[in-house]
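**Student:** One structure, pasted below without further comment.
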Amino acid sequence: MTEARIPILMYHAVAADPNDATRDLSVSPQAFAEQMALIADRGLTPLTTADLAARWRSGRPLPALPVLITFDDGYEGVHRHALPALAEHGLSATLFVTTGWLRGAYDTGGGPDTMLDWRQVRELADAGVEIGGHSHSHPQLDQLGDSALRAELTRCRDIVAGELGAPPASFAYPYGYSSRRVRTAVRENGFAQALAVGNALARRAQGPYALRRVTVRRGTGAEEFERLLDGRAVARTFARDRVLTKGYAVVRRTRRLHRRAVGALV
C-alpha cells in the first residue's frame, strides 16, 4: 500500500493591508476565502494536527482526501477573516500561538503586526480550532541553551493551559527549525506532536515530531494552490526555498559549533 502523503498548509497572517514584516507570508482575505471554498468544493476533509497524529498512532483510517489548515504566530486576521471562511464551509484548523506576542498580560511587545488577544483565541477554540504552542518569544529554538529552551516551551505550554483550561497537544517550531535535542524537549514538555516546515508533503514515516508543511503566501496563485492540494510539483514549487534553507543551515551549524567551542574555553 502506498504511504499517504498529506498537504499540511502553513498560513501566517490573513490581512488586506499587512505591514512590510508580514507581507510576503500573508494572504489576502479574498484569497483565503477562495482557497477555503476550493477545499470544500473538492471534497477535501481538513483534520486538526492532533487528529492526524492520533489516527497515525492508532492506525485508524484517514479520510479519502485529508488536508490540514494551520496558522502560525497568532495574527488578528485569523479571527477577523479566516474564522468566518472556515465556519462557512465547516472546516477545522490548527492555530499555533506565540504566547509572548499575543495582546494581553503576557505580551512582550514583540509581535510583528496586529496580533490576537486571548478573548479571540478562546473564541477560535470554542469554534473548534485546535490551539497549539509556538514558543513564548519565537526564537530559533535549536540555537538556545537547555535552560532557555525549556523556559520557552514551559512558559508557552503553561500560558495556553491557563487561558484555555487544558495544555496544548501540538507544537510548531518557530522558523521550522528543530534538532533532536529540541524535539526531545518538546516531547518532555507534554506536546504529543510537532510540525516543521520543509515545504514537502507530510508522511507518517517523518515521525510525530517532524511532520512537514507547505507554505501558503501572498504570491501563491490559484493554480499553485491547487497543485499543493494535489501534491503535484511540490519540490519544483519550493526549489528556491530549499536552496536558501540548505545554505542557511550551514551558516547556523557553523554558529552553533563556534558557540560550543567558545563555551568550552570559558
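**Student:** Given H placed 1.01 Å from N in the peptide plane, which residues other than close sequence neighbours of Val67 have an amide H under 5 Å from its amide H?
**Tutor:** Those qualifying (amide H under 5 Å, at least 5 residues apart or on another chain) are Thr45, Leu47.
**Student:** Show me, for the stretch 3-14, the HN-Hα J-couplings you get by feeding each phi into the Karplus relation (A = 6.51, B = -1.76, C = 1.60, θ = phi - 60°), rounded to Hz, glycine and proline as x.
**Tutor:** 5, 5, 10, 10, x, 9, 7, 10, 9, 10, 7, 10
**Student:** Apply 1/(1 + (r/R0)^6) to the Cβ-Cβ distance of Arg217 and Arg42, taking R0 = 22 Å, and write down the FRET efficiency to the nearest 0.05.
**Tutor:** Once the sixth-power term is evaluated, E becomes 0.60.
**Student:** Can you divide the C-alpha Rg of the chain by 2.2 N^0.38 Å and report the result to two decimal places?
**Tutor:** 0.98
**Student:** Here is a further query. Applying 1/(1 + (r/R0)^6) with R0 = 41 Å to the Cβ-Cβ distance of Leu65 and Tyr106, what FRET efficiency is obtained, to the nearest 0.05?
**Tutor:** 0.60
**Student:** Which net charge results for the neighbourhood of Leu65, defined as the other residues with beta-carbon distances under 11 angstrom from its beta-carbon, given Lys and Arg at +1 and Asp and Glu at -1?
**Tutor:** Around Leu65, the surrounding residues sum to 0.
**Student:** Still on this model: Tell me, what HN-Hα J-couplings in whole Hz come from the Karplus equation 6.51 cos²θ - 1.76 cosθ + 1.60 at θ = phi - 60° for each residue of the stretch 71-87, using x for Gly and Pro?
**Tutor:** Couplings: 10, 10, 5, x, 7, 4, x, 5, 7, 5, 10, 6, 4, x, 5, 5, 5 Hz.
**Student:** To the nearest 20 Debye, how big is the dipole of the chain about its Cα centre, given +1 on the beta carbon of each Lys and Arg and -1 on that of each Asp and Glu?
**Tutor:** I would put it at about 1560 debye.
**Student:** How high is the FRET efficiency from Asp117 to Ala4, r the C-beta distance, R0 51 Å, rounded to 0.05?
**Tutor:** About 0.85, to the nearest 0.05.
**Student:** Mind putting a number on the dipole of the stretch 135-193 about its Cα centre? Charges go on the C-beta only, +1 for Lys and Arg and -1 for Asp and Glu, and I need it in Debye to the nearest 20.
**Tutor:** With Lys and Arg at +1 and Asp and Glu at -1, about 180 debye.
**Student:** Answer with one residue from Val121, Thr154, Ala15: the one whose Cα lies farthest towards the positive end of the charge dipole of the chain, charges on Cβ with Lys, Arg +1 and Asp, Glu -1.
**Tutor:** The residue sitting farthest along the positive end of the dipole is Thr154.
**Student:** How many angstrom separate the Cα center of the stretch 7-81 from the Cα center of the stretch 93-162?
**Tutor:** Cα centroid to Cα centroid, the span is 18 Å.
**Student:** I've got another one for you. Percentage of Cα-Cα pair distances in the stretch 20-168 greater than 28 Å, rounded to whole percent?
**Tutor:** 23 percent
**Student:** For the charge dipole of the chain, defined by +1 on Lys and Arg C-beta atoms and -1 on Asp and Glu C-beta atoms about the Cα centroid, which residue among Gly100, Tyr175, Ala205 has the Cα displaced farthest towards the positive pole?
**Tutor:** Of the listed residues, the answer is Ala205.
**Student:** Taking all pairs of distinct Cα atoms, average 1/r, flip it, and tell me the Kirkwood hydrodynamic radius of the stretch 129-234 in Å to one decimal place.
**Tutor:** Radius from the Kirkwood sum: 14.7 Å.
**Student:** In the Gaussian network model of the chain, springs joining C-alpha atoms below 10 Å, which of Ser137, Ser147, Ser170 carries the largest mean-square fluctuation?
**Tutor:** Of the options given, Ser147 has the highest mean-square fluctuation.
**Student:** Related question: Given +1 on the Cβ of Lys and Arg, -1 on the Cβ of Asp and Glu, and no further charges, what dipole in debye does the stretch 107-226 carry about its Cα centre, rounded to the nearest 20?
**Tutor:** 580 debye
**Student:** Cα-Cα pairs above 13 Å in the stretch 134-188: how many percent?
**Tutor:** Result for the distance tail: 54 percent.
**Student:** I'd like to check one number: the per residue accessible area of the stretch 1-154, probe 1.4 Å, reported in Å² as a whole number.
**Tutor:** Computed with neighbouring chains in place, this is 41 Å² per residue.
**Student:** Can you give me the long-range amide H partners of Arg213? Hydrogens built in the peptide plane at 1.01 Å from N, cutoff under 5 Å, separation of 5 or more residues or another chain.
**Tutor:** Close amide H contacts, sequence-distant or interchain: Ala196, Val197, Gly198, Asn199, Ala200.
**Student:** Then there's this: Give me the percent of DSSP beta bridges within the chain that run antiparallel, rounded to the nearest 5.
**Tutor:** Around 5 percent antiparallel, to the nearest 5.
The values are calculated or read from the model by the stated rules, or taken from the named source; none is laboratory data. Everything numeric here is computed off the predicted structure, so don't read it as measured data. A quick note on method: Cβ atoms are made from the backbone with ideal geometry, for glycine too, and the neighbour counts reach across all protein chains shown. Side chains included, ligands, DNA and RNA excluded: accessible areas come from the protein's heavy atoms. Shrake-Rupley method; radii C 1.70, N 1.55, O 1.52, S 1.80 Å.
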